[in-house]
Amino acid sequence: MQHLSADQRAGRQILAVFIQRAVPAGGALMRNNFFDVRDSDFQRGIDAAVANDWIKVDPRNRYRYLLTAEGFAAGRTTEQPVKT
């Protein structure tokens, strides 16, 4: 099994929320949908997901996150989302 860094695990937690809520590519979630992600992991996960081009932060609303096609594909190929 591949060992992920803390940032990558946090990014996968963000991606898992999109997949659990069945958000399609191009869909969006607001900050309040991520209460399952610990506060200490949230910003690190957002930063990692943006760096991996899995999500984008809405330029008009910093609390709205958009799932990219790459993020949708990455979420579908993940066997089990990482939960902590």
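Couple of notes before you dig in:
- As an equivalent ellipsoid, the chain spans semi-axes of 18, 14, 12 angstrom, where each value is the square root of five times an eigenvalue of the C-alpha gyration tensor, largest first.
- Local electrostatic count, ARG64, Cβ distance below 11 Å [Lys/Arg +1, Asp/Glu -1]: +3
Any read-out appearing in this document is the output of simple, stated calculations on the displayed coordinates, not a laboratory observation. No experiment lies behind these values; they were computed from the predicted model shown. Don't worry about glycine lacking a Cβ; one is built from the backbone with ideal geometry, like all the others, and counts go over all protein chains shown.
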